[in-house]
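Okay, so here's the structure we're looking at.
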Amino acid sequence: MIDRSPRGAGAYVLAFGPGLMLAVFFLVPFGIMLLVSVAEAVKGGAYNLAFDGSHYARFFTPFFGRVLGFSLFIALLTACICITVGFPFTYALTRLGHRAQVVWLVFILAVLSLSEVIIGFSWSILLSRTAGISNLLVWLGLMREPVAWFPGLAALLCGLTYLGLPYTVLILYPPLSRLDPELPEAARMLGASPLRSFFTVVVPAMRPAIVATVIMLFVFTLGAYLLPQVLGRPQHWTLSVLITDQAIFQSNLPFAAAMAIFLMGVSLALVLVTSRLNRRAMGSP
Amino acid sequence: MKRRPSSLTIASAGRRRFLMASAAMTLAGAVGMSGRPARAAGTLKVGTYGGYFKDSFDKHIYPDFTRETGIEIESIAEPTGEAWLVQLNAAARAGQAPADVSMMSQVAMLKGQASELWAPLDLARIPNHTYLLPQYVHRYPDRRVDGIGAVAWYITLVSNTDVYPEAPTSWGDLWNPDNQDRLGLLALVSNSFLLEITATTFFGGTDVLGTEDGILRVMAKLAELKPNVKLWYRDEGQFQQALQSGEIPMGQYYHDVAGLAAAEGFPVRSTMPTEGGVNDSGCWALSRASDKVDEAHVFMDYMCRPEVQATLSRKVGTAPTVRREATDLSDAEFDAVSSSIPPIIPLYEMYNERDEWLNQQWTELVTG
């Protein structure tokens with residue numbers, strides 16, 4: 001954190017470029033979306049600027065409550081799985097030699113180049129009855145007949161985790177590689193097992209990074225709209241899927257915008273609460 | 001709303017469009033150098049559904065059109081459903097036309113009327129419109145013409161021939177308890193037309209859909225189908241692959257594409273059910289922001305020619321929008337793309353009028 005406010009004209013000039021970018025590419029589109037979300041919908045994707053709160057009023061039904069609840073649940077679950085798998089992996093990665101680290105990081109970066117579409121379709125084939133990995137298990141004699149593991153919640157979680165894992169590693173890598181190796185070593189010298197030193201020294205030291213990563217993954221997963229369609233059943237369609245349906249297929253932009261703002265508001269509130277709790281916990285002795 | 005969805009096609013459309021544009025520029029350059037006589041012609045941007053549809057038009061239709069009229073076609077890949085309508089609408093507000101002429105679904109035509117998106121057409125300048133079946137001249141409520149039938153297609157009952165050696169015969173087979181977790185159906189109320197299918201199969205016709213109460217009764221019947229559905233698809237490609245492999249061996253799909261897959265040797269068949277296939281169609285419509293009014297009329301007139309419609313039936317597998325007698329299609333060729341069983345005609349007005357309510361009920365039905 002920078003604890004000194006920038007001084008002098010130079011700092012303002014430097015901040016001007018990024019500030020302008022932020023205004024043009026974030027604040028303006030966001031403002032437009034806010035305006036559209038209270039506009040009056042006209043059929044065919046058109047809208048008239050007005051103040052119409054009816055799109056927001058549509059949320060207060062058990063149906064939207066259920067969809068929102070599931071969206072938050074699946075995003076949180078994915079974030080937790082990613083961190084559970086990704087944290088030990090990244091820690092082990094930082095203990096490897098330089099060359100091995102580079103190879104792994106290049107591989108993980110390469111995974112990032114896959115689009116959500118490719119990932120979704122690949123998993124749907126991997127988990128299918130006709131061509132999936134269950135055929136391999138049958139061949140190995142571990143299963144009696146091939147089965148379909150998609151669509152379903154497990155398939156969806158596989159896809160979302162696959163999507164989120166590279167980000168987990170890339171976010172955790174810098175703080176973990178900066179972690180002083182003497183900390184776990186000291187714990188070992190005092191007689192702690194590797195597992196114990198990992199959980200009592202490494203994990204607590206990395207808590208802010210872990211919380212930040214979970215928040216990032218949570219927000220990132222909340223925006224996934226393709227995987228729930230491809231790998232999930234209708235009850236697994238998230239709010240992002242419904243937003244896409246309204247924006248692309250039903251051409252009701254005001255309602256889509258209102259849902260997007262609503263989703264953003266809820267996730268922002270959750271993020272704020274989490275980081276506040278985290279800060280308080282860190283501040284206490 | 002039709003077809004040809006997918007982020008897949010949308011993602012590849014950009015690159016294809018770029019390649020098309022560069023190819024068109026090269027072509028234009030070459031033509032210019034060959035000293036071609038100047039004709040009253042420009043370039044017309046024509047949008048069709050990206051993927052198989054657009055590729056077929058590029059290959060089988062546009063070259064002959066350009067050769068005859070001198071009008072170059074810049075072929076645009078439209079995204080699915082109403083996404084294109086949204087884009088056309090937003091562009092027209094800014095005085096832009098990303099495509100001059102677009103192929104639009106019937107529901108999109110009606111929705112576009114609300115903002116006067118479609119430029120009125122002059123039938124006197126489309127003499128070949130006389131070949132069209134009457135339902136394929138689309139009009140504003142005040143009778144101005146705003147669309148000319150482009151192609152018609154059927155949504156039918158499809159099945160994997162390996163899994164179902166006997167072809168299913170009725171839409172009612174979808175409800176058969178033996179088909180648990182085996183069906184692929186379209187995910188949206190406005191492109192699956194499952195309400196019309198259910199009403200025709202179990203309620204003696206689509207009249208029951210005239211009231212909200214009736215629609216809810218049909219939806220209740222439709223809800224019985226849910227345990228049989230494995231995949232509610234938005235993307236044709238999503239279902240086609242699963243149908244071909246037998247992963248999801250039955251469902252509703254497009255007759256033309258299913259026929260093409262069968263012709264390529266995949267174990268797939270399309271059956272016209274005894275209650276009739278769903279007969280849907282696309283219109284050519286001109287954006288009000290376009291200044292290519294003359295070229296658009298020439299283009300639409302050309303597309304109404306019986307021989308062009310016959311070519312589309314043979315090459316793309318769509319049903320003609322012109323009277324059958326006017327074409328030279330043989331019985332076998334006609335039966336391959338159409339049927340003598342009276343079709344189920346979608347209630348486009350219902351989707352236009354009850355838009356939001358219908359959508360909400362449908363989403364709750366499917367996801368509940």
Original post:
Out of all the residues in the range B:277-291, is one or more in contact with a strand residue (DSSP E or B) (Cβ under 6 Å, 6 or more places away or on another chain), at pLDDT 95 or above and either of a type in the set (D, E, K, R) or assigned to a helix (DSSP H, G or I) (or both)?
Top reply: no
**OP:** Evaluate the following for B:E307: is it closer than 28 Å to B:F57 by Cα and more than 19 Å from the chain's Cα centre (by Cα)?
**Re:** yes
**OP:** Mind telling me which of the residues A:P184, A:P204, A:P194 ends up being in contact with a Lys or Arg (Cβ under 8 Å, 6 or more places away or on another chain), more than 12 Å from chain B (Cβ to nearest Cβ) and free of Cβ contacts under 8 Å to residues at least 24 places away in the same chain?
**Re:** A:P194
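Please pick out the residue among B:R182, B:R234 that is closer than 20 Å to B:Q361 by Cα, among the charged types (D, E, K, R), touching a residue at least 12 places away in the same chain (Cβ under 8 Å) and within 12 Å of chain A (Cβ to nearest Cβ). Walk me through it before giving the result.
Values: B:R182 fails: closer than 20 Å to B:Q361 by Cα.
After ruling out the rest, the residue left standing is B:R234.
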Subject >> First in the range B:125-141 and in the same structural domain as B:V298 (by TED's automatic domain parsing) and closer than 16 Å to B:P320 by Cβ, second anywhere and aliphatic (A, V, I, L, M) and in a helix (DSSP H, G or I), Cβ under 7 Å, 6 or more apart >> reply: B:H129/B:L123; B:Y131/B:A326
Original post:
Between a first residue in the range A:220-246 that is within 7 Å of chain B (Cβ to nearest Cβ) and a second residue that is of a type in the set (K, R), which pairs have beta carbons less than 7 Å apart while being 6 or more apart in sequence or on different chains?
Top reply: A:Q229/B:R234
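Taking B:E295, is it assigned to a helix (DSSP H, G or I) and crowded, with 21+ Cβ neighbours inside 10 Å? Step through it out loud before you land on a result.
Values: assigned to a helix (DSSP H, G or I): yes; crowded, with 21+ Cβ neighbours inside 10 Å: yes.
Judged against the criteria, B:E295 is a match.
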Original post:
Can you tell me how many residues in the range B:234-270 are at pLDDT 95 or above and touching a Pro at 6+ places or on another chain (Cβ under 6 Å)?
Top reply: 0
**OP:** Answer yes or no: is there a residue in the range B:240-253 that is away from chain A (no Cβ under 14 Å), buried (at least 20 other Cβ atoms within 10 Å of the Cβ), among the aliphatic types (A, V, I, L, M) and closer than 21 Å to B:G50 by Cβ.
**Re:** no
Subject >> Residue satisfying all of: in the range A:175-191; of a type in the set (A, V, I, L, M, F, W, C) and part of a helix (DSSP H, G or I); modelled with the highest pLDDT among these >> reply: A:L176
**OP:** Among the residues of the range B:107-124, count how many are touching a residue at least 24 places away in the same chain (Cβ under 8 Å) and within 14 Å of chain A (Cβ to nearest Cβ).
**Re:** 11
**OP:** Could you look through the range B:333-368, keep only residues that are more than 10 Å from chain A (Cβ to nearest Cβ) and of a type in the set (V, I, T), and pick out the one that is surrounded by the fewest Cβ atoms within 10 Å (Cβ to Cβ)?
**Re:** B:I341
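Looking only at the range A:196-227, filter to residues that are among the hydroxyl-bearing types (S, T, Y) and at pLDDT 90 or above; which one of those is farthest from A:E116 (Cα to Cα)? Can you show your working first?
Residues of the range A:196-227 that are among the hydroxyl-bearing types (S, T, Y), as a first pass: A:197, A:200, A:213, A:221, A:225.
Keeping just the survivors that are at pLDDT 90 or above gives A:213, A:221, A:225.
On the way: A:T213: 20, A:T221: 11, A:Y225: 9 Å.
My answer is A:T213.
Working carefully through the options B:P165, B:P141, B:P79, find the one that is loosely packed, with under 15 Cβ neighbours inside 10 Å and either within 14 Å of chain A (Cβ to nearest Cβ) or modelled with pLDDT under 95 (or both). Give the steps one after another, and end with the answer.
Details: B:P165 fails: either within 14 Å of chain A (Cβ to nearest Cβ) or modelled with pLDDT under 95 (or both); B:P79 fails: loosely packed, with under 15 Cβ neighbours inside 10 Å.
None of the others qualify; the one that does is B:P141.
The values are calculated or read from the model by the stated rules, or taken from the named source; none is laboratory data. Owing to the predicted nature of the structure, the values given are computational and were not obtained by experimental measurement. Heads up, the Cβs are rebuilt from the backbone with ideal geometry, glycines too, and the neighbour counts pull from every protein chain shown.
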